[in-house]
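The values are calculated or read from the model by the stated rules, or taken from the named source; none is laboratory data. Remember, it's a predicted structure, so these values are computed and weren't measured experimentally. Here Cβ is always computed from backbone atoms with ideal geometry, including for glycine, and neighbour counts include all displayed protein chains. In case anyone asks, the SASA skips ligands and DNA or RNA and just uses the protein heavy atoms, side chains included. Shrake-Rupley method; radii C 1.70, N 1.55, O 1.52, S 1.80 Å.
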2 protein chains.
Amino acid sequence: MSSPQPGYTSHFGIGNIPFGVASTASRLHPSCVSRFQDSVLFLDKFDAVFKDIDELPQGVFSRTSLNAFTALPRSVHQAVRQRLQALIREDESLRSLPAGSVEKVDVVTMHLPVEVGDFTDFSLSADHVQNASEAMTGKRSAPPSFYHQPVGYAGRCSSLDISGTPVERPIGQYWEGKPGESRIVFGPCKKMDFELELGAIIGKPLPRRERVTASQADKHIFGYVLVNDWSARDIQALEMNPLGPLNGKNAGTTVSPWVVTQDAVNNFRAASPPRLHDVAPYLRDSGNNALSIELQVIVTAPGSEASEGAVSCKSNVSWMYWTLAQCLAHQAIGGCGLRTGDLLATGTVSGQGDGEHGCLLEHMRVGQTPPRAYLEDGETVTLTGYCGEGVGFGECTAVLLPARLLNN
Amino acid sequence: MSSPQPGYTSHFGIGNIPFGVASTASRLHPSCVSRFQDSVLFLDKFDAVFKDIDELPQGVFSRTSLNAFTALPRSVHQAVRQRLQALIREDESLRSLPAGSVEKVDVVTMHLPVEVGDFTDFSLSADHVQNASEAMTGKRSAPPSFYHQPVGYAGRCSSLDISGTPVERPIGQYWEGKPGESRIVFGPCKKMDFELELGAIIGKPLPRRERVTASQADKHIFGYVLVNDWSARDIQALEMNPLGPLNGKNAGTTVSPWVVTQDAVNNFRAASPPRLHDVAPYLRDSGNNALSIELQVIVTAPGSEASEGAVSCKSNVSWMYWTLAQCLAHQAIGGCGLRTGDLLATGTVSGQGDGEHGCLLEHMRVGQTPPRAYLEDGETVTLTGYCGEGVGFGECTAVLLPARLLNN
C-alpha cells in the first residue's frame, strides 16, 4: 500500500472515479463532476455517452447537488462509473472525451457534494473514547452504552462547509478554569480542536418507520467523504451536560469534495474488531464489513505549505468498534427514516498510540504538558484518507481564522 | 382571558390571521393558506388583492411551503395580514373574498408549514429541569450552565410531523431496570412520553458568522407553533450519556399547522422571571419579552373524543427562564447562522405544581406510585395554546400506535 502523494493524483486512479459538484470561472453554475488523476470531468457533457443507461434521467448531472443521482439505484451508479472507466482505459489522455468536458483540477471550484437534510455524528472508536476519558479524568473508560450500540448526536447542517472554506474561532461561554469549579466567562474559544472522521452519504432513502439490519444497510450508502468536525472544547464542556454538544460543534464542519463510492471502497474491506458483547439483532453483520482506509491529519503553521506541516495523527477506519452500516441500522430503528443526502459520520477515528490521536483533546493529561496545545489562529488542518491502488479521498482542509468580538 | 373553545374557532379571530399550508380533495397540490374562525383562505387566489404590496413576489403563495413568504421583510407579512383583516372586517361572511378562495376547515388537509433545515430543541423551563431532576434523583437541581445560557441540542428534521400524523412507539435498547445497574435489553419502548413545547420559525435568515443580540433577535422570528417532542424515556436514558438524545427523540415530533405571527402574539408580551445571575451581553433583553401563552395538554383514551380526555397539564410560556429570542442569539453566537424555516423549540414548559407538569417524566418519583404511568398504545395527546382575544394555536395532536417487532 503506497502513501498518498502531494497533489493527490494517486488518489484518483481508474479504480476510484468519485463524484462531486464543481464550477469554474466560465461555468458559474455548479454541476456534477467526476475525477481522474488531476482532471475533472463535467458529467452534463456526457449525455450522449450515457444515453443508453436505463433509469438515468436526462439532466440529472446538471443539478447543483448529487442528490438526484445518489437516489438512483446502485446499478445506475455502477453503469456510469464503468462507462467512464472504459472511456479512460481507451484513451488515458482524455482527448477523446466529449468536447468541453475536461478541466484541470486547479482551475475548478468544488462545492458541497450533497444537500444534507440531517447530519448525525457518532462516536465509533473505542480508542478515541478511552483516550478522551484518560485525558479528562486520568482513567480509561467508555460511555455506558458504548459496547451495546453506536452512540451519536444530531449535528448542525447549516454549518457544513466544503473543504477550503475557512473556519472562524467562535465566541461563547465556558468555565475559566476547572469545569464545575471555576467562573463561567464569555469570550473567544481557547480550546479549538479538530476531529478526524469519515462520513457516509445516504443514497437510496429509507422511508419513515422502515428498518434495515446492519448486514443490509450498505445498500443505502452512496459513498464516503472525510469530515473534520471542528470542536470548541471549552464551549462544549460547559454546554453538553445533559443534552450533548451544540455551539461547541457549530462554527464549521469541513467536508471533503469527492464522494468515493461503495464500489470503489469495496476492494478494501477488513475484519471488524472483536465484539466484547453479543449485539442486538439489528446490529449484527458478517464481522468483515469494516473499511481499511488510512487516515492522516497534518497541522500546518500560518503561511506554510501542507508539505511542511507536522503529521499529528495516523489512524485507520477499520480500527473502529462499529461500522457506518451499523450506525445506519441504529438510526433507522428509532423510526426517523433516512433521506437521500443525509450524512452519518464516525466521530474521531483514533488508535491508542500517541501518533494515533484523531483530535488534540486526546493528547491532554491532567497535570502534564501535552506535546502540543490546542489550535492557534492561522493554523491549517488537513485530513487525508487513502485506501490504496489509486483510491483515496484527496484532502479535507481548512484554516482557522481568529475570533471576532461580539460587535464585529 | 377566556378559555379555548372546542373546535378552536375562538383561537382564530381577526387578531390572529396565521399562516399554514393546506390541500383539499380538489386541490391536491398543497399551497399557502390563512385562517379566520373555521374558514381556510387559499392565498394563491388573492393575487389581485395583494398586487400593490411591494416586495411580494407573484406566485409566493402557490409554493408547497411558507419558506419563500417567511423570508420576506416583516413589512410584507404585516401588509398581507392587514389586507386580509380589512377584507374580513368589511364582510365577516367572507362571501366577498375572491372566488374559490374559502374552504371550511373540516375539508382541508394541513401540511408541515415550512421546510426545516435545522431543528434545535432547548430546555428553557427552570421548573421542568428541577421537576425532572426531582423525579429521577429525588433532588431538585438544574444543569451546570442552566442559569448562564439556554441549553439545547440539535433535533431530527426527517421525523417532524404535522399534527394528526400518528406516532409509532419505537423499538430500541434500554436498561431493563435501574439505569447503570441492570441488563441492557432490546425491544419496544416502555416509557413513552410527550413534551409540551412552543417553537419559533425563522423568517429572515441570519448569514453564517453574523451575530444578533437577544434584544434584536425577534426580527428573525416569523412566528410560532406548538411542538410535541415525543420522547422514549428508556431509550433516551441509555443513549444520552455523554452526547445527548438521539433515537429517544426520533420516532416523531408533532408540529401544529398554524404559524401564529409575531404581530399576533405581540399583544401578549409579559415580564420574564427574575434572573439569578447577570447574563452575558448577547443574551440581555428588556426583561419584558416573554410571551403569555396558556398551554394545555389533554390525554385521551383509545377511541374517545378530546373533550372526554383528562387535562394532564396547564402551564404558560411566560414562566420559562429564557425566551426563544435568547435562544436565537445563543445559537447565532456559535457561528452557524440560521436559515429561513429553521425551528427553535423551548423544551418542556412546566410550572412547579402537579397540574403543571409538561411531560409525564415529571410525575415520577423514586419509590412512589405516580398519578398515572407513561403513555399507553392508542392514547391521543393533544396540546393547545391560547394567548387570549381570538389569538390561539388550535391543536397539536397525535395518537400513539403500538410498536412493531424488528421484522414487521
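Just one residue in the set A:Gly335, A:Gly367 is assigned by TED's automatic domain parsing to the domain that holds A:Leu160, open to solvent by 60 Å² or more (accessible area, probe 1.4 Å) and on the phi > 0 side of the Ramachandran plot; that residue is A:Gly367. Cβ-Cβ contacts under 7 Å between residues 6 or more apart (or on different chains), taken from a first residue in segment B:144-163 that is in a strand (DSSP E or B) to a second residue that is open to solvent by less than 10 Å² (accessible area, probe 1.4 Å) and polar (S, T, N, Q), are listed as B:Val151/B:Ser145; B:Gly152/B:Thr120; B:Ala154/B:Thr120; B:Gly155/B:Thr120; B:Gly155/B:Thr253; B:Leu160/B:Thr253; B:Asp161/B:Thr253; B:Asp161/B:Thr254.
In summary, B:Pro257 fulfils each of the numbered conditions (1) under 15 Å from the mean Cα position of the chain (by Cα); (2) within 9 Å of chain A (Cβ to nearest Cβ) with the single exception of condition (2).
Might you let me know whether segment A:181-202 holds any residue that is closer than 26 Å to A:Ala217 by Cα and of a type in the set (Val, Ile, Thr)? Among the residues of segment A:181-202, at least one is closer than 26 Å to A:Ala217 by Cα and of a type in the set (Val, Ile, Thr), which makes the answer yes.
May I ask you to list the residues in segment A:217-232 that are within 13 Å of chain B (Cβ to nearest Cβ) and of a type in the set (D, E, K, R)?
Of everything in segment A:217-232, just one residue is within 13 Å of chain B (Cβ to nearest Cβ) and of a type in the set (D, E, K, R), namely A:Asp229.
Out of A:Gly164, A:Gly199, A:Gly172, one residue alone is buried (at least 18 other Cβ atoms within 10 Å of the Cβ) and within 19 Å of the chain's Cα centre (by Cα). It is A:Gly199.
Would you mind telling me which numbered condition in (1) crowded, with 23+ Cβ neighbours inside 10 Å; (2) within 14 Å of chain A (Cβ to nearest Cβ); (3) touching a His at 6+ places or on another chain (Cβ under 8 Å) B:His148 fails? B:His148 satisfies all of (1) crowded, with 23+ Cβ neighbours inside 10 Å; (2) within 14 Å of chain A (Cβ to nearest Cβ); (3) touching a His at 6+ places or on another chain (Cβ under 8 Å) except (1).
Filter segment B:394-408 down to the residues that are in a loop (DSSP other than H, G, I, E, B) and either surrounded by 15 or more Cβ atoms within 10 Å (Cβ to Cβ) or in contact (Cβ under 8 Å) with a residue 40 or more places away in the chain (or both) and list them by number.
B:Pro402, B:Ala403, B:Arg404, B:Leu405, B:Leu406
Picking from residues in segment B:108-139 that are more than 16 Å from the chain's Cα centre (by Cα), over 21 Å from B:Ser272 (Cβ atoms) and more than 11 Å from chain A (Cβ to nearest Cβ), the one that is surrounded by the fewest Cβ atoms within 10 Å (Cβ to Cβ) is B:Lys139. Checking segment A:371-393 against the condition returns no match, with no residue being within 14 Å of chain B (Cβ to nearest Cβ), open to solvent by less than 60 Å² (accessible area, probe 1.4 Å) and either within 22 Å of A:Glu197 (Cβ to Cβ) or β-branched (Val, Ile, Thr) (or both).
Scanning segment A:70-122 for residues that are in a loop (DSSP other than H, G, I, E, B) and among the hydrophobic types (A, V, I, L, M, F, W, C) yields A:Ala71, A:Leu72, A:Leu94, A:Leu97, A:Ala99, A:Val108, A:Leu112, A:Val114, A:Val116.
Does B:Pro179 fit the bill of being part of a loop (DSSP other than H, G, I, E, B), more than 20 Å from B:Gly20 (Cα to Cα), open to solvent by less than 20 Å² (accessible area, probe 1.4 Å) and within 12 Å of another protein chain (Cβ to nearest Cβ)?
Working: part of a loop (DSSP other than H, G, I, E, B): yes; more than 20 Å from B:Gly20 (Cα to Cα): yes; open to solvent by less than 20 Å² (accessible area, probe 1.4 Å): no; within 12 Å of another protein chain (Cβ to nearest Cβ): yes.
Here the answer is no, as B:Pro179 does not meet what is asked.
Has segment A:26-49 got any residue that is open to solvent by 10 Å² or more (accessible area, probe 1.4 Å), outside the structural domain of A:Glu389 (by TED's automatic domain parsing) and touching a His at 6+ places or on another chain (Cβ under 6 Å)? Looking for residues that are open to solvent by 10 Å² or more (accessible area, probe 1.4 Å), outside the structural domain of A:Glu389 (by TED's automatic domain parsing) and touching a His at 6+ places or on another chain (Cβ under 6 Å), one finds at least one in segment A:26-49, hence yes. Closer than 30 Å to A:Leu400 by Cα and within 14 Å of another protein chain (Cβ to nearest Cβ): is that true of B:Gly347 in this structure? Criteria not met by B:Gly347. Residues in segment A:275-326 that are within 17 Å of A:Arg372 (Cα to Cα) and among the small types (Gly, Ala, Ser): A:Ala301, A:Gly309, A:Ala310, A:Ser312. Could you look through segment A:233-245, keep only residues that are among the hydrophobic types (A, V, I, L, M, F, W, C) and more than 7 Å from chain B (Cβ to nearest Cβ), and pick out the one that is surrounded by the fewest Cβ atoms within 10 Å (Cβ to Cβ)? Looking at the filtered set, the residue picked out is A:Ala237. Report every pair of residues separated by at least 6 positions or lying on different chains whose Cβ atoms are under 9 Å apart, first residue within segment B:76-101 and on the phi < 0 side of the Ramachandran plot, second part of a helix (DSSP H, G or I) and open to solvent by 80 Å² or more (accessible area, probe 1.4 Å). Pairs found: B:Ser96/B:Glu90; B:Leu97/B:Lys45; B:Pro98/B:Lys45; B:Ala99/B:Lys45; B:Ser101/B:Lys45.
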